[in-house]
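A.B. asks: Dropping the structure in here first, questions after.
Bear in mind that the values in this text are calculations on the coordinates, not laboratory data. Note that this is a predicted model, so its numbers are computed, not measured. So basically every Cβ, Gly included, is an ideal-geometry build from the backbone, and we count neighbours across all protein chains shown.
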Amino acid sequence: MILEGNQRASGAELARHLMNLRDNDHVSVHGLRGFVEDDLFGAFAEVEAISKATKCEKYLFSLSLNPPPDQSVSIDVLEQTIEQAEAQLGLSGHARAIVFHEKNGRRHAHVVWSRIQPDALKAVTMSHYKRKLFALSKELYRTHGWEMPDGFKRKEDRDPNTYDRTEGQQAKREKRDAAALKAMFQDCWARSDSRTAFEAALKENGFLLARGDRRGFVAVDGAGKIWSLSRWCGVKPGVMRARLGPEADLPSVDEVLAQARGERWSAETKAHAKPEPDPEQLRIPLCALFRNQLRSCPQLLRIG
């Protein structure tokens, strides 16, 4: 069973996503624990309100449980897995919501915990959660005798174009193909041995290199959307820094967008500008000018 988790805020947005019937045949809230409210929107609003008393911005931890495509996993197994994950993540006893999705007869689950300890008003630190979830996922494949994906067997067997849930959601929001994007960014990185080459490769594909506010190296597309290069290229920030130099040497996202707008405006202006007239065509002989003035002012002819 594939387990993917992430820390996040925007509880209302997450609730809308989880209750979305457009992408699922059936959606059900399987259980709410530790909330006063009895619906998903109210529950997440409670956690957000409590988080205001702390410095925690990403007050929720969201986990998706995706069983193997060829397996029909029971609710009992999903519930047991949720309990195991909760213990591994250090979230035992925290407020929790469980949502089941069904599509084409196949069930998968989503769990959202509050990271905030109400009594202590302190958020649980989610250290090494990806490693913990990966280890639990492998254990589940072994325990249930499921065919383990190649990427779980050996690291080098993993498909480099496989994208995670966060990447898939970002690509979906921007109406892009996540796998194609992943392949494009990784190709740009693979065929570049310097910052100049990497910038050129990105530009060929409609992206500009910039310095992110919190995400180090980023790419900016024509719509001004920001893409984390470390995530999409699958390269650690330190490795990127060794090839591209420090982020401080790059322009910010706002500077890149301003420059792009300026270049686009300049190109459009030149394309629509009228050609400069020939000075010779503007030159009117003095005698012709004087003759025109006489015709318009006949009284000048009577002077003297």
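A.B. asks: If amide H atoms are built 1.01 Å from N in the plane of the peptide, which residues on other chains or at least 5 residues away come under 5 Å of the amide H of GLN117?
C.D. replies: Correct list: LYS122, ALA123, VAL124.
A.B. asks: Shifting gears a bit: Can you list the residues, at least 5 places off or on another chain, whose amide H is less than 5 Å from the amide H of GLY31, using H built in the peptide plane?
C.D. replies: Long-range HN contacts for GLY31: ILE98.
A.B. asks: Between segment 1-58 and segment 211-252, how many Å separate their Cα centres?
C.D. replies: Each part reduced to its Cα centre gives a spacing of 30 Å.
A.B. asks: Using the Karplus curve 6.51 cos²θ - 1.76 cosθ + 1.60 with θ = phi - 60°, what ³J(HN,Hα) values do you get for each residue of segment 108-117, in whole Hz, with x for Gly and Pro?
C.D. replies: After applying 6.51 cos²θ - 1.76 cosθ + 1.60, I find 9, 10, 10, 10, 10, 10, 7, 7, 8, 7 Hz.
A.B. asks: Non-local amide H neighbours of SER252 (under 5 Å, H modeled in plane, Pro and chain starts lacking H): which ones?
C.D. replies: The list, which skips near neighbours in sequence, is ARG211.
A.B. asks: Rounded to the nearest 0.05, what FRET efficiency do GLU204 and ARG131 have when you use their Cβ-Cβ distance and R0 = 35 Å?
C.D. replies: Values: r = 36 Å, r/R0 = 1.03.
Computed FRET efficiency for GLU204 and ARG131 comes out at 0.45.
A.B. asks: Using θ = phi - 60° and the Karplus form 6.51 cos²θ - 1.76 cosθ + 1.60, what ³J(HN,Hα) does each residue of segment 191-202 get, whole Hz, x for Gly and Pro?
C.D. replies: Once θ is set to phi - 60°, the couplings for segment 191-202 become 9, 10, 10, 7, 5, 4, 5, 5, 4, 5, 5, 5 Hz.
A.B. asks: Can you give the percent of C-alpha pairs in segment 55-100 whose distance is more than 14 Å?
C.D. replies: Details: 595 of 1035 pairs.
The calculated P(r) of segment 55-100 puts 57 percent of pairs beyond 14 Å.
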